[in-house]
Amino acid sequence: MSQDFRLDNVGMVNREKKISFKFNGKKYFGFEGDTIASALIANGVHLVGRSFKYHRPRGFFGVGVDEPYAILQLDRNNERDPNIRATEQEIFEGLEVKSVNCWPSVNFDIGAINNFLKMFFPAGFYYKTFMWPPSFWYKIYEPFIRMAAGFGEASIKHDKERYEHKYEYCDLLITGSGPSGLASAYAAAKNGARVILAEDKPRFGGSLLTSDVNIGNQTGVEWTEKIIAELKSMPNVTVKNRSQVFGYYDHNMLVMSERISDHLPKTQKYLPKQRLWYIRANEVLISSGSIERPLVFGNNDTPGVMLSSAAKEYMKVYGVLVGKKPLIFTNNDSGYETAIEFKKNGVNPIILDTRSDPSSDIIAEAKNLNIEIKFSHVVVAAKGYKKVKSADIAKISDDKKELFNIENIECDCICVSGFWTPSIHLASQSGNKSKFNEKIDAFVPDKSKQQENTIGSANGIFTLEETIKDAFDKGFDVSNKITEKNNKVSVPTVVEKKSTDHDKFWCVPLPKGKSYKRFLDFQNDVAVSDIELALREGFRSIEHVKRYTTLGMATDQGKTSNLNGLQLVSDIENKVVPQVGHTTFRPPYTPVSIGAIVGREVGKHSKPTRKSPMHSWHEKNNAVFVHAGVWLRPRYYKQGNEGLFEASKREAKNVRQNVGVCDVTTLGKIDVKGPDAAEFLNRVYTNAWLKLPVGKARYGVMLREDGIVMDDGTTTRISENHYHMTTTTAQAANVLSHLEYYLQLVWPELNVNVVSTTEQWAGAAIAGPNSRKLLMKLFPNLDVSNEGLPFMGYKEADLFGVPAKIYRISFSGELAYEINVESDNGYFMWEKIMEVGKEFQIQPYGTEALSTLRIEMGHVAGSELDGRTIPYDASLEGLVSKKKDFIGKRSLNRSAFTSTDREKLVGVVPIDKTTSIPEGSYIVKDPKAKLPNPKLGHVSASCWSVEYDNPFSLAIIKDGKNMIGQKLFAMSPLKNKTIPVEIVSSHYVDPEGKRVRS
Amino acid sequence: MLYINCPHCGLRSQNEFAYGGDATVKRPELNKEISDQEWDNFVYLRKSPRGKHLELWHHISGCRQWIKVERDTSTHEIFKTYKANEAIE
Ligand SMILES: [Zn+2]
C-alpha cells in the first residue's frame, strides 16, 4: 500500500530515509521519525485493535502518552514486548508489530459478540456474573476471561536486554520541554543552576511544534531549536529526550525512564535498552503540559474519532492526514486551529461548534479561509463500524438539552476538542492537593507540598505569552534560591492569536429512541450508562465508582477520561466537580517496563556473592558449592561418582578417624577493643566474662532483650583490652549492629570499640584425632601439647613465614584447631595444610559433613537457634549466669519461659536404624490420632551418624528432658512418612566431651 | 526514598540506613528490680503515632553510627536529626 495520506513537504520526518515495517504480517512503508501510528495513518490504516470488554474496533485517539487505544505487541530482535503504544513507538527497519485483544484477527474478532450482548456487560459485570458458583472459577470463568482480555503477551523467556539504573542529583529538574519547560530551563541554566530537562517524546518543543506562534521573532520550532542547542552546549545542563519522569516520591526523589534503544532495530553494544534514573532534585518544575479532553457522543469510540490536537500534530509533525473529509467537533477555539491546518493542506473541514456565537482572532481567521462553520451544532453519533463513514449531526438548544434537525453528513474522521486538562499527575504524586479551576473546568495544583512548582498549561495557563513570562520568572526564582547569582535573562516577545472562552458543554444527549453507547473511558470500555447504573445502585464515593466501573483504571490511567467521568457524576448528583473530588494519582504516570525497574539486579547480580580466599582451590578440587547467605561455601568435594550423601559421609568419617580441614572463613569476626571490653562482653553474653585470662577462648551465647537466643560463638582474649569475637555466618551483620546499638545508645559510658574483621581473616578448621600431629608439623617451633595449647587455648605462631593465630576450639566435637591468617595468605595456608596433612590422610570437608559432625555431637546451630528458642530449649541453660545481669535476662523470668515442660533439645533415632527422618517432621505420640494431631515438637536437623552408621536427628520437643527413652513417631505429612523413633540424648557421640580435651 | 541528614556524614539516601524503631524507649538499668509490666513495656510496647516521631536509624552503609531522626510518619517530613548522645530539643 502506498502512503496515500502523506502530505508533500510538510512535517519533520526524514523523507530521505524510507523504512519498511510489518503490521499484522503485512508490509508497510514509513519514514525515519514516524511512529507506528503516524506511519499506519499515512497508509490509511486506522483499525489497530479491539477494545477490552466489547471487542469493538479500535483506531488511534491521541498522539502520545494519552493514547488509550493503539496498544500493540512488538517483536524486536527476537524479544516480545507487550503494551507498546503505537503513538510513542518509533518505527525502525524490520519492526514487526501486531494487534492484541483480538482473536482470530483484528478484522474478524469473535469476542465482538460481546458488543451485541452488551446489555449483559454493564458496570460491575465481573462482580455480578463471575461470583457464583465458585467451582466455575477455574474451569469456565477464568479461562474465558484470560482468553478474551489482556493487552498482549509477555515473554516467558529470560530477557537478554540490558537495563541500567543511574543515580543523579541536580538543582532543578524540569519535566517536559514545551514552552514553559524550555523557558524555565533556559532562565535557570543561565543563572548557573545544574539543570536536567526531560522530554518524553523524541522531539523537543511540546506544543511549540504544532502551534502557529512567534517568540523573539522566530517560529516556535526555530526558537525551540535555538534554546535546545544552547542548553546542550552548557556544562551545567543535561537535556534528555525519550525520557519520561513517571514518579514523584518522597524528599524530591523523582524517577525517570529513558528509552535509549527502543527506537533502534537492535540495542547497540555497550548501551542498555533502557535506563532508569533516580533523580534527587533540589527543586522541580513540572511542565508536563495538558491533554485535550474528548467530547462525548454516540459511538464516539469508532476508529476515525480522535482528538483534534492529535490530528493537528499528525499533520504538522508527521505530514500525515488523518482523513480527507474531516468533521471538527469543538467547544472551544482549539478545534479551529486544526481546521485551519487542514485547510492549509488543501482539505475542506466542517466545524461543528457547540457555542452559539463566539468570536476571536482564530475564529475570524477560519471564517476568512471560508471554512464551513456550524454554530450550536453537535455530533449526535458517529456512523460506521471499523471506520467513521458519516455522522449524525444536529442543532442543539441553548440549554443544551434538546436536539433539532438531525441529519447525516459524510465524513471520514471526527476531530474532537472538549478543551484542555492539565497533567497534574506529578504534582499530585508529590502530595500536592489540587484545586478546581472553574474557568478551565479542570483541577490544577494547589500549594506546593515538596520543592515543586507547576508551570505552563500543566498549571492551567493556556496563553503562550503568560506561560513564557511565568516560566522565565520561575526558572530564575528557583535557581536563584540555590545559586544566588542574580543573573536574569530577558523575556522574549511573544506573538500569538487570541482565543475566547470555551463552552462548558461536553456530553451530547441521546436523541429520543436511541441508545448509542457514549464512551468515557476508551481503554476500559466504560460508557455514560455504566456510571449512571453505578450511581443508581448506590455507589457514591468517586473511588468506589471508579473501582466498580473500572473508569480510569486502564494502563492510560484515565488521562482522557477522568474529568468527563467526574463531570458526569457531578451532573447526576447535582453537585459541582470539586465536591465530588478526584481519585488519587499514583506512579507510574506511564507504564514502565519490568526490566527497567529491575535493572542489572537479575540472576547472579540480584545479590552480591562472597567467596573465601580459598575459593579457587575448592573449585579446582571438585567442590560442589552451596549458598550460605551471600557466601558460597563448599558443600562437599566430589570424588568419582559420589553424590552428596556418599561424599559427606566419607568426609565426616575421615574427620572422626583421621583429620579433616574445613574452610571457616565465612564465620563472622568482630574485634572488640577497649578498657571496658570485658565488662561489655559480660553484659552481652549470658555467661561470665570478667575472669577470662589473656590467651583463652570461651564459648558464649547472646540473647535478644525478649530472651530469645540471638547468636552463639567463641570469643578469645587476645590481650588485656582486645577480644576476637566470632559469630555465626548468618548473624554476623546483625550482631555487629546489635553491639553498636548498645555501645552507642544504651551504655555510651563504656569505652569500647567494635569493628568487623570478617574479611580480614581466612580461617581453616582442622579437626580429628590426627590434628595435633598435623599442627606439630605446621608449627614445628610451637608447643602444641595438651598442656602447651589446651582446649580453649590461643597461640600466635609463624606458619612457614606467615603470621598465624591458632584457636583450640571445636565445632565437630573432635580434637580440633582453627587457624587464621590474613586473607591474602589464606590460599597459601590451605595449600600448606593439605600438603603437610597428606601423611595424616587429610581430606577437606564441606558444610554437609560439618553439619553431620555437629548434629551427632548435639551442638546447636541455626536450625535450633531459629528465633524461637530460649537457652533452656537449646540445652544452653548451663551457660546462663544466675549472678550477673545481661541483655535479655529479665525476660527469662517470664512465666512461659520458666514453665517446666518447655520444649527442649533431644536426639531422635529411628527404631529400624535405617529410615532417615525428614527435617521438619512432627514428633507425635499416636500417628493415628485425629487431625490435627497434637504435636510434641519438630525435627530440626537430620544426618547419617558416621559414628554409629545409622540415621540420627535433633528435635525440640515438649518436656524433652523427661522424654528420653520414649518410643514415639516422626511424621512428615509432606513426604507422607510415619517413622517409629526412640528419643535419646542430644549428645549422641562422646557425651562426656573427652575428645575435644584429649 | 527518604533523604536523611546523617549528623556525621550529611545528606544520604535512605537505602544506606536501617530503621531502628522508637528512639524514646529507655532500657531499664542493669541489675534493677522491675515488674513484669515495666519490662514488657520496654520490650514490646511501642506507640505508633501519626505525626512527629523520634526514631532511630542506623547508618549501616555509611559511618555505622546510630542516629536519632525526628520524622513525621504521615508526610515523611524530617524536622531534625541528632547524634546518638545529643540532647533532644
Ligand atoms: Zn553517617
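The values are calculated or read from the model by the stated rules, or taken from the named source; none is laboratory data. Just so we're clear, the structure is a prediction, and the values are computed from it rather than from any experiment. So basically every Cβ, Gly included, is an ideal-geometry build from the backbone, and we count neighbours across all protein chains shown.
For the range B:73-84, enumerate the residues that are out of contact with any helix residue (DSSP H, G or I) (no Cβ under 8 Å at 6 or more places or on another chain), without any contact (Cβ under 8 Å) to a residue 24 or more places away in the chain and within 11 Å of chain A (Cβ to nearest Cβ). Give the derivation first.
Step one: filter the range B:73-84 for residues out of contact with any helix residue (DSSP H, G or I) (no Cβ under 8 Å at 6 or more places or on another chain), giving B:73-75, B:77, B:79-83.
Now restrict to residues that are without any contact (Cβ under 8 Å) to a residue 24 or more places away in the chain: B:75, B:77, B:80.
Those that are out of contact with any helix residue (DSSP H, G or I) (no Cβ under 8 Å at 6 or more places or on another chain), without any contact (Cβ under 8 Å) to a residue 24 or more places away in the chain and within 11 Å of chain A (Cβ to nearest Cβ): B:T75, B:E77.
Here is a yes/no grid of residues against (1) within 28 Å of A:Q450 (Cβ to Cβ); (2) away from the ligand (no atom under 16 Å from the Cβ); (3) out of contact with any Phe, Trp or Tyr (no Cβ under 6 Å at 6 or more places or on another chain):
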{"position": "B:I34", "(1), (2), (3)": "no, yes, yes"}
{"position": "B:D40", "(1), (2), (3)": "no, yes, yes"}
{"position": "B:R50", "(1), (2), (3)": "yes, yes, yes"}
{"position": "B:E55", "(1), (2), (3)": "yes, no, yes"}
{"position": "B:H59", "(1), (2), (3)": "yes, no, no"}
{"position": "B:R64", "(1), (2), (3)": "no, no, yes"}
{"position": "B:K68", "(1), (2), (3)": "yes, no, no"}
{"position": "B:D72", "(1), (2), (3)": "yes, yes, yes"}
{"position": "B:H76", "(1), (2), (3)": "yes, yes, yes"}
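I want to confirm something. Restricting to the range B:5-21 and keeping residues that are more than 9 Å from the ligand (Cβ to nearest atom) and within 30 Å of A:V684 (Cα to Cα), which single residue is farthest from the chain's Cα centre (by Cα)?
B:N15
Got a number for residues in the range B:33-58 being within 9 Å of chain A (Cβ to nearest Cβ) and farther than 17 Å from A:G707 by Cβ?
Number of matching residues: 2.
Need a quick list: strands (runs of 3 or more DSSP E) entirely within the range A:327-440 having at least 1 residues that are among the hydroxyl-bearing types (S, T, Y).
Once the strands (runs of 3 or more DSSP E) in the range A:327-440 are filtered for at least 1 residues that are among the hydroxyl-bearing types (S, T, Y), what remains is A:390-396, A:413-417, A:420-422.
What number of residues within the range A:699-713 are within 17 Å of A:Y794 (Cβ to Cβ) and buried (at least 21 other Cβ atoms within 10 Å of the Cβ)?
Of the residues in that region, 2 qualify.
Would the range A:561-581 turn up any residue that is crowded, with 24+ Cβ neighbours inside 10 Å and under 28 Å from the mean Cα position of the chain (by Cα)?
yes
Does B:S61 satisfy being facing chain A (nearest Cβ under 10 Å) and among the small types (G, A, S)? Working first, answer last.
On the way: facing chain A (nearest Cβ under 10 Å): no; among the small types (G, A, S): yes.
So B:S61 fails the test.
In the range B:22-32, which residue that is within 11 Å of another protein chain (Cβ to nearest Cβ) and within 14 Å of A:V746 (Cα to Cα) is nearest to the ligand (Cβ to nearest atom)?
That would be B:A23.
Residues that are at pLDDT 95 or above: which strands (runs of 3 or more DSSP E) entirely in the range A:1-98 hold 1 or more of them? Spell out the reasoning first.
Values: elements: A:14-23, A:26-32, A:71-76, A:79-85.
Answer list for the range A:1-98: A:14-23, A:26-32.
Filter the strands (runs of 3 or more DSSP E) completely within the range A:264-311 down to those with at least 2 residues that are within 26 Å of the chain's Cα centre (by Cα).
Working: elements: A:274-286, A:290-292, A:305-307.
It comes to A:274-286.
Evaluate the following for A:T210: is it of a type in the set (V, I, T), free of Cβ contacts under 8 Å to residues at least 24 places away in the same chain and within 30 Å of A:I362 (Cα to Cα)?
Numbers: of a type in the set (V, I, T): yes; free of Cβ contacts under 8 Å to residues at least 24 places away in the same chain: no; within 30 Å of A:I362 (Cα to Cα): yes.
In short, no.
If you scan the range A:708-744, which residues turn out to be within 14 Å of chain B (Cβ to nearest Cβ) and polar (S, T, N, Q)?
A:N734, A:S737, A:Q744
Give all pairs with beta carbons closer than 7 Å in which a residue from the range B:1-20 that is at the interface with chain A (Cβ under 10 Å from one of its Cβ atoms) meets a residue that is within 8 Å of the ligand (Cβ to nearest atom); count only pairs at least 6 apart in sequence or on separate chains.
B:I4/B:R12
Let me spell it out: the conditions are (1) modelled with pLDDT of 95 or more; (2) surrounded by 13 or more Cβ atoms within 10 Å (Cβ to Cβ), and A:R902 meets all of them except one. Which number is the exception?
Checking A:R902 against (1) modelled with pLDDT of 95 or more; (2) surrounded by 13 or more Cβ atoms within 10 Å (Cβ to Cβ), the one that fails is (1).
With respect to A:E839, determine if the residue is over 39 Å from the mean Cα position of the chain (by Cα) and either assigned to a strand (DSSP E or B) or not aliphatic (A, V, I, L, M) (or both).
Yes; evaluated as a whole, the condition is true for this residue.
Could you grab me the full set of residues in the range A:959-978 that are under 24 Å from A:T869 (Cβ atoms), more than 44 Å from the chain's Cα centre (by Cα) and not acidic (D, E)? Steps first, please.
Start the filter on the range A:959-978 by keeping residues that are under 24 Å from A:T869 (Cβ atoms), which leaves A:959-966, A:968-974.
After this cut, where a residue has to be more than 44 Å from the chain's Cα centre (by Cα) as well, the list is A:959-966, A:968-969.
If the condition is that a residue be under 24 Å from A:T869 (Cβ atoms), more than 44 Å from the chain's Cα centre (by Cα) and not acidic (D, E), then A:G960, A:K961, A:N962, A:M963, A:I964, A:G965, A:Q966, A:L968, A:F969 are the ones that fit.
Taking the condition in a loop (DSSP other than H, G, I, E, B) and over 30 Å from A:L954 (Cα atoms), does A:K832 pass? Outline the logic, then answer.
Values: in a loop (DSSP other than H, G, I, E, B): no; over 30 Å from A:L954 (Cα atoms): yes.
Taking the combined requirement at face value, the residue does not satisfy it.
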